[in-house]
Every structure is written in C-alpha cells, then in structure tokens.
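Readers should treat all values here as calculations from the given coordinates under stated rules, not as data from a laboratory. Values in this document were obtained by computation on a predicted structure and should not be read as measured data. In this analysis, Cβ positions are derived from the backbone assuming ideal geometry, glycine residues included, and neighbour counts consider all displayed protein chains.
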Amino acid sequence: MTIMIVDDNRQMRKFIRTYFIGLDAEIVEFANGLDAVEGYKNYSPDYVLMDIKMPVMDGCEATRKILESFPDANIVMVTEYDDKHMREEAKKAGAKGYISKDNLSQLLTFFSFF
C-alpha cells in the first residue's frame, strides 16, 4: 500500500505519518498540490491525504487535476479549515472525505471504508 501525504507544513506531514506506524505502507510526501499531481503519476498511491490551503496549487485544484487523469483516486482532505464552504468545495473537487486536523483519529475510520 502507498499513502501520499500532501501538506505544506513539514511537521504536520511528520505527525500524520505516525498514524501509519506498523502498517506495511510506503509513504510519500509533497509540500504543494502541483508536486502532488506530478507525484501521483509516478507513485500511483492507494490513498492521498490532501491539505487544502497550500502554496503553488491548493488541495481542491490538485484533487480535480488528479481525478481528471485517475478517476478512481482515493483522496481525503485533511485540513484545519472545518467550515461548510470548504467541505462543499472539497466535495465538488471529488474528495471522498474531509477530516479536521483537530481530529486526525478519523483517518483510521476512512481507511476502513476504502
């Protein structure tokens, strides 16, 4: 299994990784949406954990671009912005889920649904 973590905050990427300790998973990281779009082509991850607000290309735009080429991509937004508008934008972009960084324990719930 390959998991892609996309977040402009290096410490947050490192923290998210801790949820997957003990799993037989390759974890790849990117700091912006543009790099994630290119990285998806190279790694074909099983799951993508995508922040929304990032430099260069935001998570919603990156999600749309990934899904244009890979419609079966499993992308979950992981963000500190927990408001109705952001949730709607993520859903329109094609994200399969939306998790607040304040409640990262929900990550394991989402993985059981895929």
Residue within the range 64-85 that is in contact (Cβ under 8 Å) with a residue 60 or more places away in the chain and not charged (D, E, K, R) present: yes
Complete set of residues in the range 1-18 that are crowded, with 16+ Cβ neighbours inside 10 Å and not β-branched (Val, Ile, Thr): Met4, Asp7, Asp8, Met12, Arg13
Elements of type strands (runs of 3 or more DSSP E) contained in the range 19-106, each with 2 or more residues being in contact with a Pro (Cβ under 9 Å, 6 or more places away or on another chain) and either of a type outside the set (Gly, Ala, Ser) or surrounded by 13 or more Cβ atoms within 10 Å (Cβ to Cβ) (or both): 26-30
Cβ-Cβ under 8 Å pairs, at least 6 apart or on other chains, the range 1-23 side closer than 19 Å to Tyr43 by Cα, far side in a helix (DSSP H, G or I) and of a type in the set (A, V, I, L, M, F, W, C): Ile3/Phe20; Met4/Ala36; Ile5/Ile16; Val6/Ala36; Val6/Ala62; Asp7/Ile16; Ile16/Leu107
